[in-house]
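One structure is given below, encoded as structure tokens.
The values are calculated or read from the model by the stated rules, or taken from the named source; none is laboratory data. These figures come from a predicted structure and were not determined experimentally. Heads up, the Cβs are rebuilt from the backbone with ideal geometry, glycines too, and the neighbour counts pull from every protein chain shown. The protein model used for the area step is the full one, side chains on, heavy atoms only, and it has no ligands, DNA or RNA in it. Shrake-Rupley method; radii C 1.70, N 1.55, O 1.52, S 1.80 Å.
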Amino acid sequence: MRQIWITKAGAPDVLTVKEAPDPVPGAGELRIRVHASGVNFADVLGRMGLYPDLPPIPVVVGYEVGGRVDAAGAGADPAWVGRDVFAMTRFGGYADVVCVPEAQVFARPQGMSAEQGAAIPVNYFTAWQLVVVMGSLNAGETMLVHSAGGGVGIAATQLAKHLGATVIGTASAAKHAALRGLGVDHLIDYRTEDFESRVREITKGRGIELILDAVGGDSFKKGYRLLSPTGRLGMFGISSAATGKERSMASMLRTVASMPWFQFTPIALLNANKGVFGVNLGHLWGEVDRIRGWAGQLLKLWEKGVVRPQIARTFRFDDAAAAHHYLQDRKNLGKVLLVP
Ligand SMILES: NC(=O)c1ccc[n+]([C@@H]2O[C@H](COP(=O)([O-])OP(=O)(O)OC[C@H]3O[C@@H](n4cnc5c(N)ncnc54)[C@H](OP(=O)(O)O)[C@@H]3O)[C@@H](O)[C@H]2O)c1
């Protein structure tokens, strides 16, 4: 098999393809021939040495794949062999062969390509948890989503529009026209405009019922101020800590220092009728049965044409460094994938 290794913390060129013998599926595992692997911002942070969950380097990252099962380990259902699937991988997804516990594998419905399948787990499970499970978004409410052109942003927009909500998105200006076509009602170029004052204008001062924020730092403070009564702020990342392509402790410290350490006190929340919550899909490995329930509902929405992963670009394994540059240069509209 071929795997993409993070050989040391650093810029994208630390990503290196290496060959190894094919793995043998262990008890309860299925082996997947991978046709596409999802690239996530967490992989970028891991490569930069900024991701606390990363196993020790050298490491093969990757949280999701699409492909076909070609072997079943002892105790796993052999009926999976030959089936088209997508799967959650707890690291190791940047490979053309991977073994995963059966519970983390999902059958791909007819018409869903391996690329679309690989674009589902991280983006759509996260969006589902943010918008439906914890955000409880309702028809007539307004959702503000940052990085609206990223994989999670597009997934969240599809769910929010299906629920009958209004969507305000922040994104680099070059993505605005396409995002309008994908259902975002109002767009803000966060690089040239202050999103807080623009949201006040757009909502005529009322504020927002649900905010999805993976930028972090000061953005959480502004978001909290923008919540209307009963509004909820979902915090799920700190991309503002990744300013360059190599680790900068100064940017990390700046982001940490600008967090709203003193705004979300119990009394403040109680008096303002506001809610704040956190989401980290990478810490839900003990809840895989629950996630399977979310997947079932998302697949029903796939059948209805609501869930439609947008593939920004695919890169060959040998060009993995270019895939990371592309994401960090903020060029992606939707999911970035690696194909063997
Ligand atoms: N907690 C969780 O479980 C979880 C799960 C998935 C993702 N996340 C987080 O959610 C965020 C979005 O993930 P995603 O997969 O949807 O996005 P993505 O597809 O990786 O998109 C990256 C986009 O984010 C925007 N961005 C904002 N700040 C950036 C920065 N400092 N460097 C590079 N790009 C930046 C850029 O678009 P614009 O310039 O157009 O905004 C860029 O194109 C990430 O922070 C990720 O870590 C968290």
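Could you rank 112, 252 by how accessible they are, 1.4 Å probe, largest area first? Walk me through the numbers on the way to the answer.
On the way: 112 10, 252 35 Å².
Sorted by accessible area, descending: 252, 112.
Over the stretch 189-246, what is the relative contact order in percent, taking alpha-carbon pairs closer than 8 angstrom and at least six residues apart?
Numbers: 66 pairs, mean separation 19.4, N = 58.
Answer for the stretch 189-246 is 34 percent.
If you plug each phi of the stretch 30-43 into the Karplus form 6.51 cos²θ - 1.76 cosθ + 1.60 with θ = phi - 60°, what whole-Hz ³J(HN,Hα) values come out, in order, with x for Gly and Pro?
Running phi through 6.51 cos²θ - 1.76 cosθ + 1.60 with θ = phi - 60° gives 10, 9, 10, 7, 8, 9, 7, 10, x, 9, 10, 4, 4, 5 Hz.
Enumerate the amide H contacts of residue 232 below 5 Å, restricted to partners 5 or more residues apart or on another chain; note that Pro and chain-start residues carry no placed amide H.
210, 211, 275
For a quick check: with amide H placed at 1.01 Å from N, whose amide H comes under 5 Å from residue 214's, ignoring anything fewer than 5 positions away on the same chain?
When sequence neighbours closer than 5 places are left aside, the close amide H contacts are 146, 236.
Counting Lys and Arg as +1 and Asp and Glu as -1, what is the net charge of the other residues whose Cβ lies under 13 Å from the Cβ of residue 164?
Numbers: positive: 161; negative: 141, 185, 209.
After counting each charged neighbour, the total is -2.
With the full set of protein chains in place, find how many percent of the accessible area of the stretch 174-294 is carbon and sulfur; take the probe as 1.4 Å. Each step should come with its number before you reach the end.
Working: 3510 of 6220 Å².
Ligands and nucleic acids excluded, carbon and sulfur reach 56 percent.
Please list, in order along the stretch 100-115, the HN-Hα scalar couplings obtained from phi with the Karplus expression 6.51 cos²θ - 1.76 cosθ + 1.60 (θ = phi - 60°), rounded to whole Hz, x for Gly and Pro.
With the stated coefficients, the stretch 100-115 comes to 9, x, 3, 5, 9, 10, 10, 5, 7, x, 4, x, 8, 6, 4, 5 Hz.
What lysines sit close enough to residue 304 to cross-link, taking a C-alpha to C-alpha distance under 28 Å and skipping anything fewer than 8 places away on the same chain?
Cross-link targets: 161, 175, 335.
Taking all protein chains in place and a 1.4 Å probe, what share, in percent, of the accessible surface of the stretch 1-70 do carbon and sulfur account for? Intermediate results must be reported in sequence, preceding the final value.
Working: 1530 of 2700 Å².
Within the stretch 1-70, the accessible surface is 57 percent carbon and sulfur.
Would you compute, from DSSP H runs of 4+ residues alone, the mean residue ellipticity of the chain at 222 nm, taking -39500 (n - 2.57) per run and dividing by the full residue count, rounded to the nearest 500? Please report the intermediate quantities before stating the final value.
On the way: 10 runs with 89 residues, N = 340.
So the helix-based figure for the chain works out to -7500 deg cm²/dmol.
Highest mean first, what order results for 11-19, 285-293, 84-92 on Cβ atoms within 10 Å?
On the way: 11-19: 16.2, 285-293: 12.3, 84-92: 21.8.
Final packing ranking: 84-92, 11-19, 285-293.
Beyond 12 Å, what share of the Cα-Cα pairs of the stretch 14-54 remains, rounded to the nearest whole percent? List each step's numbers first, then the result.
Details: 604 of 820 pairs.
I get 74 percent for the Cα pairs in the stretch 14-54 exceeding 12 Å.
In terms of modelled amide H atoms, which long-range or inter-chain residues lie less than 5 Å from the amide H of residue 93?
Excluding prolines and chain starts, which carry no amide H, the hits are 62, 63, 64.
About its Cα centre, how strong a charge dipole does the chain have in debye, to the nearest 20, once Lys and Arg get +1 and Asp and Glu get -1 at the Cβ? Please list the in-between numbers first.
Values: 36 positive and 30 negative charges, 140 e Å.
In debye, rounded to 20, the chain gives about 680.
For the stretch 193-262, what are the per-bin percents of Cα-Cα distances with bins 10 Å wide, up to the bin holding the maximum?
P(r) for the stretch 193-262, in whole percents per bin: 21, 46, 26, 7, 0.
Probe radius 1.4 Å, ligands and nucleic acids left out: which of 243, 142 has the largest accessible area, and how do the rest follow?
243, 142
Working only with C-alpha atoms, what are the Rg and Dmax values of the chain, expressed in angstrom?
19.8, 61
Under unit Cβ charges (Lys, Arg +1; Asp, Glu -1), what dipole magnitude, rounded to 20 debye, does the stretch 177-297 have relative to its Cα centre? Each step should come with its number before you reach the end.
Values: 16 positive and 12 negative charges, 24 e Å.
Once rounded to the nearest 20, the dipole reads 120 debye.
In whole Å, largest first, what are the principal axis extents of the Cα atoms in the stretch 131-275?
Largest first, the stretch 131-275 extends 42, 41, 28 Å along its Cα principal axes.
Taking only protein heavy atoms into account and a 1.4 Å probe, give the accessible area per residue of the chain in Å².
On the way: 13980 Å² over 340 residues.
On a per-residue basis, 41 Å².
Give the ranking of 48, 249 by solvent-accessible surface, highest area first, calculated with a 1.4 Å probe. Please list the in-between numbers first.
On the way: 48 5, 249 100 Å².
Most to least solvent-accessible, the answer reads 249, 48.
Of 71, 326, 182, which is farthest towards the positive pole of the chain's charge dipole, taken about the Cα centre with +1 and -1 on the beta-carbons of Lys, Arg and Asp, Glu respectively?
Positive-end residue among those listed: 182.
Express in Å², to the nearest 10, the accessible area of residue 202 obtained by rolling a 1.4 Å probe over the protein heavy atoms while all chains stay in place.
Result for residue 202: roughly 40 Å² accessible.
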